[in-house]
Amino acid sequence: MKRTVKYIVIMLVVLAVLGGGVFLLTIVPAEESGEEVSSSVETSQAGGTIILEGEFDQVQSLLVEGKEDSFTLVPAKGGEEFTLEGYEDHDLNRSLISANVRTMLGITSSKDLGKQDNLDNFGLGADATKLTVQFAGGEAKSLLVGNDAGESVGKYVLKDGEVYIVSGLPANFFSNRYSYFNTAIYTISDRTEITEDEDGNSSESKGLDILYSMTLSGKQYPEPISIEFTSETMSGYIITSPIRAESGNTAFNELVTSLKSLTAETVVAANLTDQVLEEYGLLEPEAEITFDLNDSEHTLAVSGKTKEGKRYLLADGKNVVYQVGNDVVEKWASADLITLRMSYIWIPNIMDVEKLTITLDGNMVHTFHITRTLDEENSTDTNKQYNLAVTNASGETVDYKGTYQPFYQKLIGLAVFSQEKAAYSGTPQMKITYEYFDGGSDTVELYKIKDQDRYAAVLNGGYNGQIRGTEYDALGEMIP
């Protein structure tokens, strides 16, 4: 024996005496020891046994029978992809389904544990997930999947009485059928605007989002709220029901932003019935919205909030129930009329009003005639500026800056503090009529509410809200 080999053997014997027997068996080089490591020992330690194999185009179905759910994956029409049986017409992630089927065809163990007396210790008893692949020709191959392996990465798998550890099994097999549904509901594209310069060159840019129409209904809105895009108001939006008032404030803009796209957390039900809708609080939804944003129309409905702060949602007639976080929908599902409107009754631009008439108690009339001349020095092609001159019914000049302008600002600043309906009748205490240079008019009427220091405001015949008596009195004192 060579001298160096002799020393190695002596050292290995010492290690074996000290408890290094396993080290000895694994370290001694085969060519030096003259022994070969048996293939059975190598397999049990290193793994590599093929558990299940087959050809993708020969698979007729993959049945998953789990503790949470049971479902079947089957070939889609054409055979190049797989789909979820019974849900073929739904928005499914077919590429994921197909990939999961392919994963089954070539499962290889990372460790072989052989036969085991107590399969419950590995989760391979009654609670195990059973996977069955049915092939063309009638052959079926099954295996059971149990707990996560304690000593390695992967799960315990039982096949033909042998226990293996297998990693990389699809997580969807241990969830439910709805894990294969796509959760992206919609995304609305930006508006684009095309402009042309002086040389005739056109360019495209991102435009402002436009909510052309919106209606809120459901239990949250006993009186549906309707808002439309309009040229009547400075903001571009007007509430048409249940009152008539300008919208377009911060709360409204935040609502519009929240509608731009929608993605759910998960799908919880499909192929819906009235019983399912009732179970998820959607037979009579808490809130509904129908809207047209950037020429993209959608209809959504949500349930009330769950204890976990979630809501169930229906979207665009799809035959599924989604789950979303309350924060995703609360801007429209929990809105109220007072927050979606501007606080004032009506706010015509002072430069647009040609005639202003204030009528008190039905017979006391104050009339103001306005003429305007172009302020050429301060005007541009896109922004016209005017100088105004005001006269009363007798033709007398009214000081514009010192008298008319402060009164006008007070007039349009009348603030609504309550949307509560109020009974009113008879002749309005004050009637305000705006007539415009470009034609048309608007009328605001203020009616005294019986036994209260409040006034009901009516805009163009539609109830607008309540204002405080102190504001009415202060305005009356300022009439020129």
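Would you mind getting me the FRET efficiency between Leu283 and Glu65? Use the beta-carbon distance for r and R0 = 35 Å, nearest 0.05. Before the final figure, lay out the partial values.
On the way: r = 31 Å, r/R0 = 0.90.
In this case the efficiency is close to 0.65.
If a/c stays under 1.5 just call it rounded; otherwise compare a/b with b/c (prolate if a/b is bigger, oblate if not). Do that for segment 148-250, with a ≥ b ≥ c from the square roots of the Cα gyration tensor eigenvalues.
On the way: a/c = 5.72, a/b = 2.13, b/c = 2.69.
Judged from the Cα gyration tensor, segment 148-250 comes out oblate (a/c at least 1.5, b/c at or above a/b).
Under 5 Å between amide hydrogens, which residues at least 5 positions from Ile210 or on another chain qualify, with H placed 1.01 Å from N in the peptide plane?
Here the answer is Asn294, since their amide H atoms fall under 5 Å of that of Ile210.
With charges only on Cβ, +1 for K and R and -1 for D and E, what is the dipole size of the chain about its Cα centre, in debye, rounded to 20? Walk me through the numbers on the way to the answer.
On the way: 37 positive and 73 negative charges, 305 e Å.
With only Lys, Arg, Asp and Glu charged at Cβ, the dipole is about 1460 debye.
If you roll a 1.4 Å probe over the heavy atoms of the protein chains, what accessible area per residue do you get for segment 383-449, in Å²? Write down the numbers at each step before the final one.
Working: 3450 Å² over 67 residues.
Heavy-atom SASA per residue in segment 383-449 reads 51 Å².
Tally up the carbon and sulfur contribution to the accessible surface of segment 128-269 as a whole percent, 1.4 Å probe, everything protein left in place.
Percent of accessible area from carbon and sulfur atoms in segment 128-269: 44.
Taking the 0 to 90 degree range and rounding to the nearest ten, how far is the long axis of helix 469-478 tilted relative to the main principal axis of the chain, both from C-alpha atoms?
40 degrees
Tell me which aspartates and glutamates have Cα within less than 17 Å of Lys421's Cα, excluding those fewer than 8 residues away on the same chain?
Qualifying aspartates and glutamates at Cα under 17 Å: Glu223, Asp336, Glu445, Asp451, Asp453.
Dipole of the chain (Lys/Arg Cβ +1, Asp/Glu Cβ -1, origin at the Cα centre): which of Gly54, Gly125, Ala99 lies farthest to the positive side?
Highest projection toward the positive end goes to Gly125.
Tell me, what HN-Hα J-couplings in whole Hz come from the Karplus equation 6.51 cos²θ - 1.76 cosθ + 1.60 at θ = phi - 60° for each residue of segment 308-315, using x for Gly and Pro?
With the stated coefficients, segment 308-315 comes to 8, x, 9, 9, 9, 9, 10, 9 Hz.
Please report, as a whole percent, how much of the solvent-accessible surface of segment 402-480 comes from carbon and sulfur atoms (probe radius 1.4 Å).
Details: 1540 of 3630 Å².
Within segment 402-480, the accessible surface is 43 percent carbon and sulfur.
Each residue of segment 415-422 in turn: what ³J(HN,Hα) in whole Hz from Karplus with 6.51, -1.76, 1.60 and θ = phi - 60°, glycine and Pro shown as x?
Once rounded to whole Hz, the list reads 9, 8, 10, 8, 9, 4, 5, 9.
Keeping every protein chain present and rolling a 1.4 Å probe, give me the accessible area per residue for segment 223-315 in Å².
Numbers: 4300 Å² over 93 residues.
Here the per-residue accessible area is 46 Å².
Suppose R0 equals 35 Å. What FRET efficiency, 1/(1 + (r/R0)^6) with r the Cβ-Cβ distance, do Ala76 and Phe174 give to the nearest 0.05? Walk me through the numbers before you get to the answer.
Numbers: r = 23 Å, r/R0 = 0.66.
Here the calculated transfer efficiency is 0.90.
Where does the charge balance sit around Ala301 when Lys and Arg score +1, Asp and Glu -1, over other residues with C-beta under 13 Å from its C-beta? Let's see the in-between values first.
Working: positive: Lys219, Arg311, Lys318; negative: Glu284, Glu286, Glu288, Asp316.
That works out to -1.
Note the direction-averaged projected area, equal to a quarter of the hull surface, for the Cα convex hull of segment 375-480, in nm².
Details: hull surface 36.3 nm².
Average projection, Cα convex hull of segment 375-480: 9.1 nm².
Helix 3-17: angle to the longest alpha-carbon principal axis of the chain, degrees 0 to 90, nearest 10?
Helix 3-17 and the main axis of the chain meet at about 70 degrees.
Just list whichever of Lys77/Lys260; Lys355/Lys410; Lys355/Lys431; Lys67/Lys141; Lys219/Lys307 have alpha carbons separated by over 22 Å in the model shown. Working shown, then result.
Details: Lys77/Lys260 34 Å; Lys355/Lys410 17 Å; Lys355/Lys431 14 Å; Lys67/Lys141 20 Å; Lys219/Lys307 19 Å.
In this structure, Lys77/Lys260 exceed 22 Å between Cα atoms.
For the chain, what class follows from the C-alpha gyration tensor (a ≥ b ≥ c being the square roots of its eigenvalues): rounded when a/c is under 1.5, otherwise prolate if a/b is larger than b/c, else oblate? Don't jump to the answer; show the numbers that get you there.
Numbers: a/c = 3.54, a/b = 2.95, b/c = 1.20.
Taking the square roots of the gyration eigenvalues as a ≥ b ≥ c, the chain is prolate.
The values are calculated or read from the model by the stated rules, or taken from the named source; none is laboratory data. None of these values were measured; they are calculated from a predicted model. With ideal geometry, Cβ positions are generated from the backbone for all residues, glycine too; neighbour counts draw on all protein chains shown. All accessible areas refer to the heavy atoms of the entire protein, side chains included, with ligands and DNA or RNA removed. Shrake-Rupley method; radii C 1.70, N 1.55, O 1.52, S 1.80 Å.
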